Amino acid sequence: MIFRQLFEPDSATYTYLLACPHTRRAALIDPVLDTIERDLAVLEELGLELRYTLETHMHADHLTSARVLRERTGCQVAYPGVDTPDCADIPLQEGEPLSVGDVQIQPLFTPGHTSHSFCYLVEDGTHKMVFTGDTLLIEACGRTDFQSGDARALYRSVNDKLFTLPDETLVYPGHDYEGRFVSSIAQEKTRNPRLGGGKSLEEFVAIMEGMDLPYPRKIDFAVPGNTLCGECPPNVPEEYRQPCQAHEQG
Ligand SMILES: [Fe+2]
């Protein structure tokens, strides 16, 4: 499998490029509008045809580039098959793998960070990889205090769906704010301070309820924009308009 881990620094978001070396078909997980030109350049450099974008959830911290990628490449836009927005082409369901050439992407329904969050599991014959969005981060997890978040649901999703994967499964998170790239199921089961070491449901809920988190700075335009697969709504503040304008002009 062809694989690239790409980074958008303003929101510290990871975008993942997965592609089949035989058919040259590719998918992007969680592409960001701010870095669309970089992502298109990587696809071109590698000689790949973008077939799908996949969202792990409706992001509150950045605008997806799904809609513009569809306009520019003819790809299809896949979203979680729960609360799927009308703009999506494909509602993903657990138990229904998505094929990208020889690469099989297995959706896992993992509510908690949001009520519709999904993770994506890929086995390429050598590695098992799970793309966890904001459900499981390296030694952390996504917040559960907005967007129909639910700490109890997140605990069950991680323990029932992720921590039951083989220990060697590589964990590729939706974000990292400290420059780390990858973890593993074994590492998170051991070292995750919120969920690892056999933390109980009650302990986890107390940790999540005790967090004093700031209001997300992009949520007021990111969520409405992502409901339209990444269309810039009129209320994008001036300091965040550059990626919108770049597309509108181009
Ligand atoms: Fe999120």
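The values are calculated or read from the model by the stated rules, or taken from the named source; none is laboratory data. Remember, predicted model here, so these are calculated numbers, not experimental data. Here Cβ is always computed from backbone atoms with ideal geometry, including for glycine, and neighbour counts include all displayed protein chains. Just the protein is used for accessible areas: all its heavy atoms, side chains included, with ligands, DNA and RNA removed. Shrake-Rupley method; radii C 1.70, N 1.55, O 1.52, S 1.80 Å.
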Residues of the range 158-176 being surrounded by 14 or more Cβ atoms within 10 Å (Cβ to Cβ) and part of a helix (DSSP H, G or I), which ones?
V158, N159, K161, L162
Sole exception among (1) touching a strand residue (DSSP E or B) at 6+ places or on another chain (Cβ under 8 Å); (2) open to solvent by less than 70 Å² (accessible area, probe 1.4 Å); (3) closer than 24 Å to D30 by Cα; (4) assigned to a loop (DSSP other than H, G, I, E, B) for G179, by number
(1)
Starting from the range 128-140, keep only residues that are surrounded by 24 or more Cβ atoms within 10 Å (Cβ to Cβ), then list their pairs with residues that are modelled with pLDDT of 95 or more and β-branched (V, I, T) whose Cβ atoms are within a distance under 6 Å, requiring at least 6 positions of separation or different chains.
V130/T169; V130/V171; F131/I29; T132/V171; G133/T56; T135/T110; L136/V158
Could you check the range 148-183 and list, in sequence order, the residues that are within 16 Å of the ligand (Cβ to nearest atom) and among the polar types (S, T, N, Q)?
S148, S157
Look through the range 31-49, keep the residues that are among the aliphatic types (A, V, I, L, M) and under 17 Å from the mean Cα position of the chain (by Cα), and return whichever of them is nearest to Y120 (Cα to Cα).
V32
Residues in the range 90-139 that are in a loop (DSSP other than H, G, I, E, B) and away from the ligand (no atom under 16 Å from the Cβ): how many?
12
Just one of the numbered conditions (1) out of contact with any helix residue (DSSP H, G or I) (no Cβ under 7 Å at 6 or more places or on another chain); (2) open to solvent by 20 Å² or more (accessible area, probe 1.4 Å); (3) within 16 Å of the ligand (Cβ to nearest atom) is not true of T73; which one?
(3)
Considering residues of the range 9-53 that are among the charged types (D, E, K, R), outside any helix (DSSP H, G or I) and open to solvent by 10 Å² or more (accessible area, probe 1.4 Å) only, the residue nearest to C229 (Cα to Cα):
R51
